[in-house]
1. Calculate the spin-label point distance for Ile209 paired with Asp177, positioning each point 7 Å from the Cα along the beta-carbon direction, and give it in nanometres.
2. Suppose we keep just the DSSP beta bridges with both residues in the chain; what percent of those would be antiparallel, to 5?
3. Select from the stretch 92-140 those trypsin sites (Lys or Arg not before Pro) which occupy a DSSP coil region and have at most 15 other Cβ atoms within 10 Å, ordered by residue number.
4. Using the Cβ atoms and a cut-off under 12 Å, what net charge is assigned to the surroundings of Ser143, where Lys and Arg are +1 and Asp and Glu are -1?
5. Can you give me the long-range amide H partners of Thr63? Hydrogens built in the peptide plane at 1.01 Å from N, cutoff under 5 Å, separation of 5 or more residues or another chain.
6. Residue by residue through the stretch 103-112, what is 3J(HN,Hα) from phi via Karplus (6.51 cos²θ - 1.76 cosθ + 1.60, θ = phi - 60°)? Round to whole Hz and write x for glycine and proline.
7. Would you mind getting the Kirkwood hydrodynamic radius of the chain from its Cα pairs, rounded to one decimal in Å?
8. Around Val144, which amide H atoms from residues at least 5 apart in sequence, or from another chain, sit under 5 Å from its own amide H, with H modelled in the peptide plane?
Amino acid sequence: MEQYWSGSAINKNKGMVENLQHCGIIKSRKVVEVMENIDRGLFVPNGVQPYIDSPFAIGYNATISAPHMHAACLQLLENHLEPGMHALDVGSGTGYLTACFALMVGPNGRTVGVEHIPELVSFSIKNIEKSDAAPLLKDGSLSVHDGDGRQGWPEFAPYDAIHVGAAAPEIPQPLIDQLKPGGRMVIPVGNTFQDLKVVDKNSDGSISIRTETSVRYVPLTSKEAQLKGE
Ligand SMILES: C[S@@+](CC[C@H](N)C(=O)[O-])C[C@H]1O[C@@H](n2cnc3c(N)ncnc32)[C@H](O)[C@@H]1O
């Protein structure tokens with residue numbers, strides 16, 4: 001997906017959300033509400049201009065994804081993020097989308113972030129603590145774990161929504177297994193050329209996969225390969 005705006009004229013979270021609506025990326029009131037309530041500015045390292053439509057480095061060869069990618073994924077998953085549902089965010093990085101998911105599924109739902117860089121797990125927890133999702137972290141309906149996201153997080157499976165924030169060479173089987181019938185996974189797949197795939201598990205357990213758009217993400221890989229920049 002392209003960059004929809006650049007420059008620093010947009011310097012407030014509300015302005016960023018309005019721009020995403022004008023560009024046609026955000027289409028629903030539900031996504032407007034969650035992106036207004038979770039301020040992206042709380043999830044970026046000091047010195048980063050949070051409201052520009054661009055990914056930014058967060059250390060450890062990782063990035064916070066661009067606002068238009070966060071919005072597009074929320075839009076694709078919104079019907080699977082109803083109150084009481086279970087959501088898994090693999091490669092949760094800054095915790096931005098994890099916090100959005102938690103606000104959408106609420107205290108009777110379950111939101112799990114899995115990230116394999118422990119320093120980013122701590123960073124994301126601190127970020128979430130500053131946000132409107134803090135009470136959900138406190139009550140335990142939202143948690144972020146240090147782990148290899150390619151294995152999913154079986155403890156709270158099956159999931160209505162799975163988001164993968166890094167590009168996999170192929171769709172990891174444990175993630176397909178942990179998707180609930182009727183559930184949806186959004187995952188970038190590929191190496192140099194990547195497609196954002198939408199994976200729906202039908203009620204009979206069969207899988208339908210379609211391509212949403214071309215994307216560019218950091219790889220879903222081992223911690224060692226990521227830190228070496230491979
Ligand atoms: C594009 S970044 C962050 C995306 C996140 N949605 C955000 O905007 O903050 C992708 C993240 O995936 C993590 N990652 C890569 N491979 C992983 C793996 N096997 N298990 C868990 N996390 C992984 C990286 O450390 C990185 O934080």
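Every number in this text was worked out from the coordinates using simple rules, so none of it is lab data. Predicted model only: the values in this text are computed from it and were never measured. Every residue, glycine among them, receives a Cβ derived from its backbone with ideal geometry; neighbour counts consider all protein chains shown.
1. 1.7
2. That works out to approximately 45 percent antiparallel.
3. Taking the stretch 92-140 and a limit of 15 other Cβ atoms within 10 Å, the loop trypsin sites (Lys or Arg not before Pro) found are Lys130.
4. -3
5. Here Ile58 satisfy the definition.
6. Computed from phi, the couplings for the stretch 103-112 are 5, 6, 7, x, x, 8, x, 9, 10, 10 Hz.
7. Mean inverse Cα-Cα distance, inverted, gives 17.3 Å.
8. Gly113
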